[in-house]
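The values are calculated or read from the model by the stated rules, or taken from the named source; none is laboratory data. Since this is a predicted model, take the numbers as computed values, not measurements. Glycine also receives a Cβ, built like all others from the backbone with ideal geometry; neighbour counts cover every protein chain displayed. These area figures cover heavy atoms from the full protein model, side chains too; ligands, DNA and RNA do not enter into them. Shrake-Rupley method; radii C 1.70, N 1.55, O 1.52, S 1.80 Å.
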Amino acid sequence: FQGGDTCEYLLSSGRFLGEKVWQPHSCMMHKYKYSEAKNCLIDKHIVFIGDSRIRQLFYSFVKLINPQVKEEGNKHGNIPFEDKSASIKVDFLWYPEVNGSMRQRIKSWTEGSVAKPHIIVVGAATWSIKIHNGSNEALAQYKINITSIAPLLEKLAKSSDVYWVLQDPVYEDMLSESRKMITNEKIDAYNEAAVRILNSSSRNSKAKVKVFSVSKLIAQETIMKSADGLHLPESSRDTNAMILMNVYCNKIMKPIDGSCCQPQPPLTLIQKIAFCFFTLSIIGYLIISLIHRNNYRKNKPCADLESGEEKKPAISTSNVSTLEMLLHSFCKLGLIMTYFYLCDRANLFMKENKFYTHSSFFIPIIYILVLGVFYTENTKETKVLNREQTDEWKGWMQLVILIYHISGASTFLPVYMHIRVLVAAYLFQTGYGHFSYFWIKGDFGVYRVCQVLFRLNFLVVVLCIVMDRPYQFYYFVPLVTVWFMIIYATLAIWPQIVQKKANGNCLWHFGLLLKLICLLTCIYFLSYSQGTFEKIFSFWPLSKCFELNGNVYEWWFRWKLDRYVVFYGMLFAFIYLALQKRQMISEGKGDPLFSNRVSNVLLFISIVSFLTYSIWASSCKNKTECNELHPSVSVVQILAFILIRNIPGYVRSVYSSFFAWFGKISLELFICQYHIWLAADTKGILVLIPGYPMFNVLVSTFIFVCVAHEISQITNDLAQIVVPKDNSTLLKRLLCIAGFFSGLHLFSAMQDQSRH
């Protein structure tokens, strides 16, 4: 389904999500702050012409620029507004009827060198119905007057944005006696006449007066709340003003979550090069496939009629060449990236705003938990945080985070605080997993580092190129990448202390603890020294990776939010492996982790701690204050969960294969959601099938999960080719990668220069 003209949809159609949130058909509406409105309308002149309903719209519009404005002044007279700081002028001109006076005012802007308003909003009819008691003669005169005004509006529309506001319905039961003649039947007749005349006039002109008909739809839902049956309630007027702001400002300000009226961004130089590369990969793969097919046909086994045996071909086609595997991977990746681009950069598919309700978050959570429990299997090993268990943990956390994002649950603070713990738990696993590997294996080789960095960053680098987004935009990958390098540096620098060395002399354990204390000191210092942190990451080339919107503040904020949890993960791994080595814990199948008494006490403490944290998080009133405490206290719930999950032997011996399957592709799921499940860089929801929200989510989710799984396979295949085990070959590949990023930087600089 094509997105179509989103401006047309914004002005003409939509629906309410809940009671107050308006959702335009097919696109997303940005909620403008007064600072953004000022920046958009700087040096602009806006005019509202009409009756008391237009006056209401004028005040709602002005309040978007200055919220302190009060609705004062002569109700039946002109009302000026000026913001001198931004040189914005907004005028309301009292012309309650479409007549000669209104025509003369509009005509004055079309003559000579008179300064024309940048935006003109016109509308009137109810006074004509009221004064002439709803007579047919008044309607006929209204048609004549609009016919004479329409060419003037069309002429103005060549240089200004002109909107004709259709009349909203009334709530007839609430109208006073003096307004009883204003019926919805009469209003429909006047609206029909206005639309017909304006549309017929615009057929002969490239310029077009935009008909603001969406106000009618909004009024149909809200007019019952009107104070007098005629004028809209304040929330509805504010929605109309916000729609006007989106129509004019989205193409200027280009907000991420305002897809309505935004033109498709032009392809950058890097995107064009990427498109050519993927096209050549697809062509290359097809050529190789055709050659292999022809060779297979030539060497196809044929039956020997005399002996009844099958002759085998002389050439074996079972071994797939590295080149073919490479082209095959890039061919699939090219098709997938095309889908990414079409979903979130081209105006092909619809996008909608998120709208949070408790049911939209908690019902899917219950559903996936039931599914997860249903797919329960025995683990291959019963160690604490074994591979199946960590995959399961990643899986259910990722599914909860996905539901959190698509439901817009970030607006509900208790849910937000619990999701922050899940993100912290991912980082805890990063500290635990990488520390355990280096401590046990003692492998600090370049191959291991390159494998991890490639698997973490491959998809994000491709998306930065294809979707024209900075590396820091996908904040979680930079976060785990930097923490991996910190863990590696901490353990790899002299003296290298590993388990094998420490077993020979207990003093090495103290040496490792000293290293961890130094790491903690550095973390503490950087978290309270924003200037030092920003200086470190503002040096080239780090600045190219970690800047967002021209500074590294976002990166500092993300890093600071979970600054201690990786350290906690490393410390937990060290303590656990030490206890395991000294056989102080029992990890047999069905056995509790400690003695019955100790296990019961720890289990009780863990459950109480877990619930205490949840109660604290649910009672949060201020996000900033809770975020300040989060880095220090999030580990409480993480450790409580680990102990609850591992102390009872029967719980440690089973896992959910459903959650574990998702856990294996959790990184790809987290990154892919940005563009092919959500929309507008996570700010909205992708709509493949409009009108059927549940069916749309099912279809888009199925495609999204399949794509994430496929990308995981592609990454694994390419990792084997790009990062070989042979050191000399690996060095050559690293030089090629360095050349690739140098070229990317050069093209990026050329892009920036052309933009400026």
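Given only helices, namely DSSP H runs of n ≥ 4 each adding -39500 (n - 2.57), what is the per-residue ellipticity at 222 nm of the chain, to the nearest 500 deg cm²/dmol?
Taking each H run of at least 4 residues, the total per residue is -20500 deg cm²/dmol.
Which of the trypsin sites (Lys or Arg not before Pro) across the stretch 117-185 are loop residues per DSSP, with 12 or fewer other Cβ within 10 Å?
Within the stretch 117-185, no trypsin sites (Lys or Arg not before Pro) qualify (loop, at most 12 other Cβ atoms within 10 Å).
Read phi for every residue in the stretch 15-30 and hand back ³J(HN,Hα) as whole Hz from Karplus 6.51 cos²θ - 1.76 cosθ + 1.60, θ = phi - 60°, with x for Gly and Pro.
7, 8, 9, x, 9, 10, 8, 8, 10, x, 5, 6, 9, 10, 9, 7
If I fit a long axis through the Cα atoms of helix 727-755 and take the longest principal axis of the Cα atoms of the chain, what angle between them do I get, 0 to 90°, rounded to 10?
The angle comes out at about 10 degrees.
With Cβ to Cβ distances under 14 Å as the rule, what net charge do the other residues near MET417 carry (K, R +1; D, E -1)?
0
With a 1.4 Å probe and all protein chains left in place, how much of the accessible area of the stretch 13-253 comes from carbon and sulfur atoms, in whole percent?
49 percent
Need one word for the stretch 115-273: rounded, prolate or oblate. Basis is the Cα gyration tensor (sqrt eigenvalues a ≥ b ≥ c); a/c below 1.5 gives rounded, then a/b vs b/c decides.
Oblate is the answer for the stretch 115-273, as a/c is 1.5 or above yet b/c matches or exceeds a/b.
Given points 7 Å out from each Cα along the Cα-Cβ axis, report the CYS620 to LYS589 separation in nanometres with one decimal.
4.2 nm
Can you bin the stretch 13-253 into rounded, prolate or oblate? Criterion: square roots of the alpha carbon gyration tensor eigenvalues sorted a ≥ b ≥ c, rounded for a/c under 1.5, prolate for a/b above b/c, oblate for the rest.
rounded
So what's the net charge close to ALA86: Lys and Arg +1, Asp and Glu -1, counting the other residues with Cβ under 13 Å from its Cβ?
0
Summing Lys, Arg as +1 and Asp, Glu as -1, what charge do residues with Cβ under 9 Å from the Cβ of LEU232 carry, LEU232 excluded?
+1
Could you pull out the pairs from LYS63/LYS683; LYS70/LYS130; LYS116/LYS210; LYS33/LYS683; LYS351/LYS621 whose alpha carbons sit more than 23 Å apart here?
In this structure, LYS63/LYS683; LYS70/LYS130; LYS351/LYS621 exceed 23 Å between Cα atoms.
Using the Karplus curve 6.51 cos²θ - 1.76 cosθ + 1.60 with θ = phi - 60°, what ³J(HN,Hα) values do you get for each residue of the stretch 33-50, in whole Hz, with x for Gly and Pro?
7, 5, 5, 5, 4, 4, 4, 6, 9, 4, 6, 10, 10, 10, 10, 10, 10, x
When the Cα centres of the stretch 685-705 and the stretch 451-530 are compared, how far apart do they sit, in Å?
Between the Cα centres of the stretch 685-705 and the stretch 451-530 lies a distance of 38 Å.
Could you run the Karplus curve 6.51 cos²θ - 1.76 cosθ + 1.60 with θ = phi - 60° over the stretch 102-116 and give me ³J(HN,Hα) per residue in whole Hz, x for Gly and Pro?
5, 4, 5, 5, 5, 5, 4, 7, 8, 9, x, 9, 5, 5, 8
Let me know the shape class of the stretch 341-462, please: from the alpha-carbon gyration tensor, a ≥ b ≥ c as square roots of the eigenvalues, rounded when a/c is under 1.5, otherwise prolate if a/b is greater than b/c, or oblate.
Verdict is oblate for the stretch 341-462.
Quote the Stokes-Einstein diffusion coefficient, in whole µm² s⁻¹, for the stretch 349-723, based on the Kirkwood radius over alpha carbon pairs, a temperature of 37 °C and a viscosity of 0.692 mPa s.
148 µm²/s
When only DSSP loop residues count, what trypsin sites (Lys or Arg not before Pro) in the stretch 371-475 have their Cβ near at most 16 other Cβ atoms within 10 Å?
LYS380, LYS383
In square nanometres, what is the average projected area of the Cα convex hull of the stretch 469-589?
9.7 nm²
Hey, what angle do you get for helix 269-298 against the long axis of the chain, alpha-carbon based, 0 to 90 degrees rounded to 10?
With both axes taken from Cα atoms, the answer is about 60 degrees.
Once you have the Cα-Cα distance between SER410 and GLN264, take 0.36 nm times their residue separation minus that, and quote the gain in nm to one decimal.
Contour length minus the Cα-Cα distance gives 49.7 nm.
Suppose we look only past 35 Å in the calculated P(r) of the chain. What percent of the Cα-Cα pairs does that tail hold?
So the pairs more than 35 Å apart make up 58 percent of the total in the chain.
For the chain, what is the accessible area per residue in Å² when the probe is 1.4 Å?
Computed with neighbouring chains in place, this is 49 Å² per residue.
Between MET325 and ASP173, 0.36 nm times their residue separation minus their Cα-Cα distance comes to what?
Net length gain for the segment: 47.4 nm.
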